[in-house]
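The structure appears right after this line, and notes come after that.
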Amino acid sequence: MRTSCALGEEQRRSIKNTASDALGVHAVTAAGARPRAEPEPRAVPIPIPPRSGSAGKGHSRISALPGAPRSRQYQIISREAPQRSPTMAGKKVLIVYAHQEPKSFNGSLLKITVEELTKQGCSVTVSDLYAMQFEPRATRNDIVGPLHNSEAFNYGVETWEAYKRGSLSKDVVEEQKKVQEADLLIFQFPLFWFNMPAILKGWMDRVLVQGFAYDLSKAYDGGLLQGKLSLFSFTTGGSQEMYSKGTISGDIRYILWPMQHGIMHFCGVKVLEPHICYAPACVSEEKRKEMLTAWTQRLKTLWKEEPIDCSPEWYFK
Ligand code: FAD
Ligand code: ZN
């Protein structure tokens, strides 16, 4: 397991303490710091796929689904924010939760979310993926009955066709119903290898199928799940310093880009600032309580927040 606690002294010294180089995220540190929103552009040596058909600034461009044939081009349709009421009362929230242990820090964050949002009058649904033994593998079993083309299996095509004729597997359909009904999707998980845990990635792969979440010419601001909000709430092993500008792990927003822009925004879902609890296993009990309080406080005014630009121009400079 990767934690900042596990770092050797030498490695710690190599990490510049640039906590003041703020991350544009709700970073809940031991000190409960809330950094400023927009940092300076900078270069980070991680591979970023080229933008295909880039035709403008920010989100206003034509983009293609990664790996899709050239003919499958997606055009931005609108940048309008969904109309939202100032409170969350009556709103439907789906929490997709990926931790094995209810007594974990993630488990505590989940409990707070359910309690606080319920108190506000929201209808809260939790998909507890490990407890559900959610199947993360995208396989032929996701299609009930005969295939569209049994000669050569193509998961994307088969699930798209199965969605259209109503023959996706029951567990996928159930999750799609929850997504369809939700105004807000919250993803709660521990960071695994700079990413979400495989079980949650499997949920994305299997639930957000073509026809349901996006379609030909219907992606990004034109995605089929328009009008919804999402929020990635996660914990790390590494400290905030490790994920700051110029340090060994690099700016954490690069980790967020595939999740927020590549998945949520692609499906038309707006993204609220992520919520990151850094290194809960390495801080004092008091600091952990502070982090939990900070999350509770944020939830109280969550619905007043504006979505963020999840792929700002400076990412690629
Ligand atoms: P826990 O260990 O469950 O909790 C931390 C502490 O909080 C525990 O002492 C717990 O008892 C306590 N606690 C729980 N509830 C409360 C409460 N209500 N009040 C006070 N204290 C409480 N990290 C990275 O930074 N980058 C990576 O790429 C990365 N990859 C990983 C890959 C794998 C496969 C694994 C297993 C881990 C990886 N990690 C990585 C580390 C991982 O992200 C952290 O271990 C995880 O985020 C910690 O969250 P948790 O909920 O499991 O914490
Ligand atoms: Zn985006």
Item checked: Placed amide H near residue 127: partners under 5 Å, 5+ positions off or other chain -> 95, 96, 97
Note to self: My understanding is that a pair violates if its Cα-Cα distance is over 18 Å; which of 92/178; 177/304; 92/228 do that in this structure?
What the structure shows: 177/304
Item checked: Table column - 3J(HN,Hα) (Hz), segment 149-164, Karplus curve with 6.51, -1.76, 1.60, x for Gly and Pro -> 9, 7, 6, 9, 6, 10, 4, x, 5, 5, 6, 4, 5, 5, 4, 5
Notebook entry, point to check: In a shell of Cβ-Cβ distance under 15 Å around residue 143, excluding residue 143 itself, what net charge do Lys and Arg (+1) and Asp and Glu (-1) give?
Noted result: -1
Checklist line | Solvent accessible area, Å² - residue 263, 1.4 Å probe, full protein context | finding: 30
Next item on the list: Could you tally the net charge around residue 177, taking each other residue with its Cβ under 15 Å from the Cβ of residue 177, Lys/Arg +1 and Asp/Glu -1?
Entry: 0
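Quick one: net charge around residue 198, please, counting Lys, Arg +1 and Asp, Glu -1 for every other residue with C-beta under 13 Å from its C-beta.
Once positives and negatives cancel, what remains is +1.
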Check: Per-residue accessible area for residue 137 at 1.4 Å probe radius, Å² rounded to 10?
Finding: 150
Next item on the list: Pop a pseudo-label 7 angstrom from the Cα along the beta-carbon direction at both residue 306 and residue 89 and give the gap in nm to one decimal.
Entry: 2.6
Check: Accessible area per residue of segment 171-286 at 1.4 Å probe, in Å²?
Finding: 28
Next item on the list: Roll a 1.4 angstrom probe over the protein heavy atoms and tell me the percent of accessible area of segment 179-245 that is carbon or sulfur.
Entry: 49
Next item on the list: Just order 226-237, 94-105 by mean Cβ neighbour count inside 10 Å, highest at the front, would you?
Entry: 226-237, 94-105
Check: Using 7 Å Cα-to-Cβ label points, what is the residue 284/residue 152 separation (nm, one decimal)?
Finding: 6.3
Check: So between residue 100 and residue 140, what do we pick up on full extension, going 0.36 nm a residue minus the alpha carbon distance?
Finding: 11.8 nm
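The values are calculated or read from the model by the stated rules, or taken from the named source; none is laboratory data. Just so you know, these numbers come straight off a predicted model, no measurement behind them. Every residue, glycine as well, gets a Cβ built from its backbone with ideal geometry; the counts of neighbours run over all protein chains shown. Side chains are part of the model used for accessible areas, which takes the heavy atoms of the whole protein and leaves out ligands, DNA and RNA. Shrake-Rupley method; radii C 1.70, N 1.55, O 1.52, S 1.80 Å.
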